[in-house]
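Q: Pasting in a structure now, in structure tokens, and then I'll have a few things to ask.
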Amino acid sequence: MRKAARSPLALLVALAAGCNQGVYSDVTTDSDTETDATTEAGTTAPDVPDPDPAASDPAGPPITLRLDDTAPSSLTLAVDKSAALTIFAEQSKYIDLLTIDAEPMLTNALDTLRAACGWSPQNPSGKLDCSGAEAKALGFPDAWQTSPEYALVRLLTLTPDNANLEGTSLGTLQGFANDNPQIFPTGFAGALADSLGGIDLDDSLLPLPAMIRAIEMSLLASHPNVDNSEGLISVTLYDALHDMTPLQEKLGAIGEHPGVLLRDDIDNPDGFVTKSDALTDQFKMVMTISSRHRRVDGVDLSAASGGDMFIVQGDPALDFHLNDIEISGLADPPTIDMRLRIEEVTTPIEPCDDGPSCYDNAPPEQAFTGIWTEDPWNFEYFAALAGWLHYGVENPLRYYTCYAFYQGQCAATVALGHAQNAGAEIDPAAPDGWASFILTDPPFSPTLIATLPPQQYFWEMLVGIADTMYHDPNGDGVPDYETAVPQFTFHGLDIGVSTQELVDKVVESLKAQEEKLATVLVGEFWRNNDPLDFYYWRGEDGRPYLYFANEEDLRPDPQDPNKQLVPSYPTPGFYSCPEFSGCKVSQTTVLGVDDKTHEKLRLVDTQTILYVRDDQNDPYEVQFTVANDAEIFVRVTPL
């Protein structure tokens, strides 16, 4: 029995209700003008001779094939979160909704940490206090002064003016400078600022933009589900419809990587839930869809019966009118609740300070010792990387200055790289960022000599500072490598994308995935197809043709309807003789018809007898009677 044609609206409604069905539209044509079909070479398509009037009618009842020229209508689909979850289900995991640039979100996160402890752009070197309600909400303990959370904030707010470097490679020099102000006219803070090319006393030693880029290139890039150095995080439709909660698993611990986000099932006595308000309860997406599926009538030769199938004209199978898409119910601005824990190296990190042999110990490829051999998700690693980016790449340090004086003469100099005015004692091959602290003549004090740190890259000095601060949060000069790692809980963190930008990103992403969307909605439309060997269909020139089926016409396997059967025909096409030799009357190329793969034939006469073979190569005689432009009768006789 013939299956009833189903409208795209009815099938999408069924799909939204949870049925595993497809979307179909009826056949449409722009013209029914009768003109002769010609090949691309300009020759007239071969006519089929009239059958023998004396021939007897084939056995069996006639099969009626009709063309339905009703133009399909577009469907307006309006879905909320619940309906979208029902329609797309598990397939939503494979639809990329947008890509979030982590830079604004990371910037907001680190700014939030600093501000919670009293830091502000107006007072960057001021005293910190992490005892307030905002700091406690982030996870700062009551004893915040000795916490690893505070140690991280100290590093993020470190300037020449507020630097307390006790226990670091510069700590002894700082102490000597504080005790001998007559030798250090600008104090240690001024000497440090001068050493870095004359930065301001309130400038950060580790600028936040460099830190953000370093996190993207190390912590994020090393995660298996990020795998890019630009800080781009892919968000699927599944993630968004579940309020971003799946991100804690996607960006959580995987293998050796400790994760970018802390999973909700780890160290979570309060039952914290990672989630975003980007899609509110009022979320709605309205789009118009047109189907490129067309239902055709045809014949199953082995069963000598009629049936129908759905073919696809154009790519993708559905036309999503995404220029007219409407998305509403988004938060302004979108925020996220998430937890972040920063891992650290649990042993002291030794700098490479063996003179010129360490010149090549710099990222990315040639590094061979020290911090660069540590895992890239550790705090000390991306602190070093931030220093390298800022002082070695973006602002290459080539600076030479005197910072200590004795009896009116220069007593000590520092060189970063090899500046043009560098003294003769500086190696001309010294690379950018290589820090050389030199005692000049006359050597006025053995004590000063003992305060000078060994030659090394400046960013490795920063690693030493970061490492000491991290493991010596109380600043007593005694590091504790058993210190717990800092953990922060962010509530309502601005993800750094405006509502309109979010909409634009979603629309752009959906446009790039129309084929995937169509596959999700109607990818298994072939389940409803009958195993037709040929079908009747109108070409783009407005004329009806017989189309012999080929591998493009999908259908379910009779042995297993869950599997797709791709038909293969040893002898495709329509023939005018039962010998199937030298009498093929169909052709794949017809002028005015887009299809170039199917054998096609236009029935010119009222009655025509043809010969065909099915996919088992069994022969048949087929009689065609043309009733009108949109209807023919078919009788099938096995040979």
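Q: If DNA, RNA and ligands are ignored and the probe is 1.4 Å, what is the ranking of Lys584, Lys563 by accessible area, most exposed first? Could you put the intermediate results ahead of the total?
A: On the way: Lys584 90, Lys563 120 Å².
From most exposed to least exposed: Lys563, Lys584.
Q: Name the residue from Leu113, Pro453, Pro544 whose Cα lies farthest towards the positive end of the charge dipole of the chain, charges +1 on Cβ of Lys and Arg and -1 on Cβ of Asp and Glu.
A: Pro544
Q: Ranking request for peptides 487-493, 619-625, 334-340, 179-185: highest mean number of other beta-carbon atoms within 10 Å first, then the rest in descending order.
A: Numbers: 487-493: 17.1, 619-625: 19.0, 334-340: 21.7, 179-185: 13.6.
Descending mean neighbour count gives 334-340, 619-625, 487-493, 179-185.
Q: A follow-up question, please. Estimate the FRET efficiency between Asn421 and Asp179 by the formula 1/(1 + (r/R0)^6), using the beta-carbon distance for r and 25 Å for R0, to the nearest 0.05. Walk me through the intermediate numbers first.
A: Details: r = 29 Å, r/R0 = 1.17.
After rounding, the FRET efficiency stands at 0.30.
Q: Could I ask something else about it? How large is the accessible surface per residue of the chain, computed with a 1.4 Å probe and reported in Å² as a whole number? Let's see the in-between values first.
A: Numbers: 27820 Å² over 639 residues.
Solvent-accessible surface per residue comes out at 44 Å².
Q: If the label point is 7 Å along Cα→Cβ of Leu85, which residues in region 499-525 have backbone nitrogen under 20 Å from it?
A: Inside the label zone: 521.
Q: Using only Cα atoms, figure out Rg for region 314-369 and give it as a multiple of 2.2 N^0.38 Å.
A: Numbers: Rg = 26.3 Å, N = 56, 2.2 N^0.38 = 10.2 Å.
Taking N as the residue count of region 314-369, the ratio is 2.59.
Q: If the limit is 30 Å between Cα atoms, which of Lys563/Lys584; Lys516/Lys584; Lys136/Lys275; Lys250/Lys284; Lys81/Lys505 go over it?
A: Details: Lys563/Lys584 33 Å; Lys516/Lys584 39 Å; Lys136/Lys275 20 Å; Lys250/Lys284 25 Å; Lys81/Lys505 18 Å.
Beyond 30 Å: Lys563/Lys584; Lys516/Lys584.
Q: Ranking request for peptides 151-160, 275-284, 104-113: highest mean number of other beta-carbon atoms within 10 Å first, then the rest in descending order. Each step should come with its number before you reach the end.
A: On the way: 151-160: 22.2, 275-284: 17.6, 104-113: 19.1.
Most protected by this proxy first, the peptides run 151-160, 104-113, 275-284.
Q: Rounded, prolate or oblate: pick one for region 528-581, where a ≥ b ≥ c are the square roots of the eigenvalues of its C-alpha gyration tensor, a/c under 1.5 means rounded, and failing that, prolate if a/b is larger than b/c, else oblate.
A: Working: a/c = 2.98, a/b = 1.35, b/c = 2.21.
Note, shape of region 528-581 comes out oblate.
Q: Once label points are set 7 Å from the Cα along Cα→Cβ at both Glu501 and Thr146, what is their separation, rounded to one decimal in nm?
A: 4.2
Q: Now for a different question. Based on the mean of other beta carbon atoms within 10 Å per residue, what is the order of 299-308, 506-515, most packed first? Could you put the intermediate results ahead of the total?
A: Working: 299-308: 19.4, 506-515: 16.0.
The packing order, highest mean first, is 299-308, 506-515.
Q: Still on this structure, please answer the following. How far apart, in nm, are the 7 Å Cα→Cβ label points at Ser568 and Leu208?
A: Spacing of the two 7 Å Cα→Cβ label points: 6.4 nm.
Q: Taking 0.36 nm per intervening residue step and subtracting the Cα-Cα distance, what contour gain separates Thr288 from Gln616 on full extension?
A: Working: separation 328, 0.36 × 328 = 118.08 nm, distance 4.25 nm.
So the extension gain works out to 113.8 nm.
Q: Output ³J(HN,Hα) for region 308-314: one whole-Hz value per residue in order, computed from phi by the Karplus curve 6.51 cos²θ - 1.76 cosθ + 1.60 with θ = phi - 60°, and x for Gly and Pro.
A: My calculation for region 308-314 gives 9, 8, 10, 10, 10, 10, x Hz in order.
Q: Further question: Please work out the Kirkwood hydrodynamic radius for region 113-227, using every pair of different C-alpha atoms, and report it in angstroms with one decimal place. Provide the component values of the computation, followed by the final result.
A: Numbers: mean 1/r = 0.0627 Å⁻¹.
Evaluated on region 113-227, it is 15.9 Å.
Q: Taking a spot 7 Å from the Cα of Thr99 along the direction of its beta carbon, which residues of region 206-238 have an amide N less than 17 Å from it?
A: Backbone N within reach: 216-218, 220-237.
Q: Right, something else. Taking the Cα-to-Cβ direction at Ser305 and at Lys136 and moving 7 Å from each Cα, how far apart do the two end points lie in nm?
A: 7.6
Q: What is region 562-639 by shape, rounded, prolate or oblate, if you read a ≥ b ≥ c off the alpha carbon gyration tensor as root eigenvalues and call it rounded for a/c under 1.5, prolate for a/b larger than b/c, and oblate otherwise? It would help to have the intermediate numbers written out before the result.
A: Working: a/c = 1.39, a/b = 1.14, b/c = 1.22.
It is rounded, given that a/c, with a ≥ b ≥ c, falls under 1.5.
Q: So how much slack lies between Thr245 and Arg66, counting 0.36 nm per residue of separation and subtracting their Cα-Cα distance, in nm? Spell out each step's value before the answer.
A: Working: separation 179, 0.36 × 179 = 64.44 nm, distance 5.19 nm.
Result: 59.3 nm gained on full extension.
Q: Using a 1.4 angstrom probe on the protein heavy atoms only, could you order Phe633, Phe320 from most to least accessible area?
A: Numbers: Phe633 75, Phe320 10 Å².
Largest to smallest exposure gives the sequence Phe633, Phe320.
Q: So what is the diffusion coefficient of the chain in µm² per second by Stokes-Einstein at 4 °C and 1.567 mPa s, using a Kirkwood Rh over Cα pairs? Don't skip to the end; give the middle numbers.
A: Values: Rh = 30.6 Å.
After rounding, the answer is 42 µm²/s.
Q: If amide hydrogens are placed 1.01 Å from N in the peptide plane, which non-local residues have theirs closer than 5 Å to the one on Ala278?
A: The answer is Thr335.
Q: Right, another one. Would you mind working out the magnitude of the charge dipole of the chain relative to its Cα centre, with +1 at each Lys and Arg C-beta and -1 at each Asp and Glu C-beta, to the nearest 20 Debye? Working shown, then result.
A: Working: 35 positive and 99 negative charges, 161 e Å.
With Lys and Arg at +1 and Asp and Glu at -1, about 780 debye.
Q: Which net charge results when you count Lys and Arg as +1 and Asp and Glu as -1 among the other residues whose beta-carbon is under 14 Å from that of Ile426? Present the calculation step by step, with values, prior to reporting the outcome.
A: Values: positive: Arg398; negative: Glu425, Asp427, Asp432.
That works out to -2.
Q: Could you please state, rounded to a whole Å, how far the C-alpha centre of region 553-624 is from the C-alpha centre of region 84-153?
A: 66
Q: How high is the FRET efficiency between Asp605 and Glu552 when r is their beta carbon distance and R₀ equals 30 Å, given to the nearest 0.05? Intermediate results must be reported in sequence, preceding the final value.
A: Values: r = 28 Å, r/R0 = 0.95.
Result of the calculation: an efficiency of 0.60.
Q: Another question, then. Where in region 118-137 does the label zone of Asp200 land, with the point 7 angstrom along Cα→C-beta and an amide N cut-off under 17 Å?
A: Answer for this model: 119-127.
The values are calculated or read from the model by the stated rules, or taken from the named source; none is laboratory data. Computed from a predicted model, the values in this text were never measured in an experiment. Glycine also receives a Cβ, built like all others from the backbone with ideal geometry; neighbour counts cover every protein chain displayed. When the accessible area is computed, the model is the full protein with side chains, heavy atoms only, and any ligands, DNA or RNA have been set aside. Shrake-Rupley method; radii C 1.70, N 1.55, O 1.52, S 1.80 Å.
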